[in-house]
Amino acid sequence: MYALNKAQARLTELDQDFLRRSLRTTDSPCETSPLVNGQRLKAFCSNDYLGLANHPDLIAALAAGAKRYGAGSGASHLISGHSIAHENLERALATLQAPYIPHAKALFFCTGYLANLSAITALASLENDSAKGSTTIYSGKLNHASLIDGVRLAVAQTKASTVIFDHHDLLDLEHKLKLDSATLKIIVTDGVFSMDGDLAPITELLALAERYDTLLIVDDAHGFGVLGEEGCGILEALDLHSQRLIYIGTLGKAAGISGAFICGESTLIEFILQKARPYIYSTATPPAIAHALLSSLQLITSAEGKQRRQQLYNLIAIWQAEMVFSSWEKMSSNTAIQPIILGENRVALAVAQLLSEAGYWIPAIRPPTVPNGSARLRVTFSASHTVVEVRALISTLQQIELKVLASKEKLHG
Ligand SMILES: Cc1ncc(COP(=O)(O)O)c(C=O)c1O
């Protein structure tokens with residue numbers, strides 16, 4: 001069969017380029033020492049930044065939600081799947097962002113991927129009269145795959161055109177905005193870059209959005225729950241206020257469960273509700289999940305949530321001060337995402353394997369998730385890690401680096 005032969009050939013290519021990915025199966029909750037393929041490993045790779053994924057309050061809320069609402073939602077939101085649990089969650093999410101987005105309303109989605117596809121495609125469809133109007137989407141070069149796919153889909157579905165702007169290059173972006181005669185302009189960016197851990201210059205991007213009458217979509221998947229005194233995310237942390245902001249937060253990372261939301265000015269959200277195909281044509285998330293997410297929001301904004309953020313930032317500070325490599329490159333990130341750039345795919349895979357043998361789980365991240373030649377270990381911290389565990393990781397990584405350097409010297413000498 002042609003397709004079978006082709007698939008085999010393509011898989012062989014992936015092997016040759018050290019790009020084949022493989023599943024590892026856990027048989028435990030998401031925690032810092034999960035059981036992975038039968039082995040207890042210390043995990044520094046999840047996005048469970050506050051350590052809520054296995055929190056007893058959330059487990060209890062999920063069980064209570066299932067008891068009250070049953071197992072499934074039964075239909076998409078606009079047919080009959082929208083329950084009071086979804087409604088309450090959307091209200092609570094909108095309340096959290098209301099200080100930053102006037103007249104805020106929120107829409108809950110099954111995943112962040114679908115929320116991003118929805119926000120970009122729906123908003124790009126605002127300009128439906130191609131004789132009079134046109135749309136340009138400005139997309140950051142290192143944006144998450146789901147934003148990139150949202151832009152590609154919007155271009156395929158509407159007459160929008162795309163401009164990719166370089167990472168942190170505001171001059172380049174302004175130059176392009178200045179020359180643009182499109183009637184509808186949309187800037188799309190990660191809040192915290194998922195593979196580098198740095199923050200997008202949202203304050204400056206918003207200033208450009210104001211100057212050039214542009215919408216600004218911010219995907220704060222890695223900031224919601226973690227950034228800001230109350231954990232509301234990047235808008236709180238930077239104290240930004242605007243009706244131009246379309247804020248997207250995910251709920252499977254710091255919030256510990258699953259799902260995502262788009263929050264924006266109420267008319268824009270109503271338009272997204274009317275036009276977002278992934279929302280309209282997907283079965284609503286089980287209401288029990290929405291019910292449990294309400295408890296998650298309570299935890300994030302509680303004194304316990306604050307303590308957990310404090311613990312997380314304490315661990316990040318220890319890493320920044322004590323993790324010194326002789327040749328490997330650490331990136332300048334102040335968030336829970338702390339990448340170590342290793343370059344070649346082969347090297348990243350070998351180091352991930354050495355870590356696994358030493359009892360750690362930190363997978364190698366390779367293209368197309370990151371640019372060619374920048375394969376890396378993406379170390380992530382959780383409030384559930386201890387100082388002792390972080391120091392043990394630092395010492396193991398330093399030993400592994402020396403081992404890799406010694407074997408390189410042997411090879412060349
Ligand atoms: C920046 C960013 N946006 C969106 C997503 C997608 O979120 P979800 O996992 O809820 O689909 C991710 C997931 O890893 C992400 O890192």
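The values are calculated or read from the model by the stated rules, or taken from the named source; none is laboratory data. Note that this is a predicted model, so its numbers are computed, not measured. Every residue, glycine as well, gets a Cβ built from its backbone with ideal geometry; the counts of neighbours run over all protein chains shown. SASA here: full protein model, heavy atoms, side chains in, ligands and nucleic acids out. Shrake-Rupley method; radii C 1.70, N 1.55, O 1.52, S 1.80 Å.
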H103-I59 FRET efficiency (beta carbon distance; Förster radius 41 Å; 0.05 resolution): 0.70
Where S407, S181, S83 fall by accessible area, highest first, once all protein chains stay in place (1.4 Å): S181, S407, S83
Helix-only [θ]222 nm of the chain, DSSP H runs n ≥ 4, -39500 (n - 2.57) each, per residue, nearest 500: -14000 deg cm²/dmol
R0 of 30 Å, Cβ-Cβ distance N334-S407: FRET efficiency to nearest 0.05: 0.35
Solvent-accessible surface (1.4 angstrom probe) belonging to V192, in square angstrom, nearest 10: 0 Å²
Solvent exposure ordering (accessible area, 1.4 Å, most first) of R244, R376, R20, R68: R68, R20, R244, R376
Spread of Cα-to-Cα distances over 10 Å intervals beginning at zero, given as percent, for the range 56-301: 8, 34, 36, 17, 5, 1
For the range 226-265 and the range 336-358, distance of Cα centres in Å: 30 Å
Residue list for the range 29-59, given a label point 7 angstrom along the Cα-to-Cβ vector of Q399 and an amide N cut-off under 18 Å: 40-44
log10 of Debye I(q)/I(0), alpha-carbon scatterers only, for the chain at 0.10, 0.11, 0.14 Å⁻¹: -0.73, -0.88, -1.34
Label-to-label distance, nm, for residues given as R91 and Q157 (7 Å Cα→Cβ offset): 2.9 nm
Carbon plus sulfur fraction of accessible area for the chain, probe 1.4 Å, in percent: 55 percent
For E357, solvent-accessible area (1.4 Å; no DNA, RNA or ligand), Å²: 120 Å²
Cβ-based net charge around L294, under 14 Å, with every Lys or Arg adding one and every Asp or Glu removing one: -1
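Lys and Arg at +1, Asp and Glu at -1: add these up for the other residues within a Cβ distance under 15 Å of H103 and post the number.
Every neighbour counted, the sum reads 0.
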Heavy atoms of C110: accessible area, 1.4 Å probe, square angstrom to 10: 40 Å²
Cα centroid separation - the range 124-170 against the range 48-118, whole Å: 27 Å
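How would Y279, Y313, Y113 line up by accessible area, probe 1.4 Å, largest first? Don't skip to the end; give the middle numbers.
Working: Y279 10, Y313 75, Y113 100 Å².
Largest accessible area first, the list is Y113, Y313, Y279.
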Heavy-atom surface of the chain, accessible at 1.4 Å and reported per residue (Å²): 45 Å²
Residues R211 and L11, FRET efficiency given R0 of 56 Å [Cβ-Cβ distance, rounded to 0.05]: 0.70
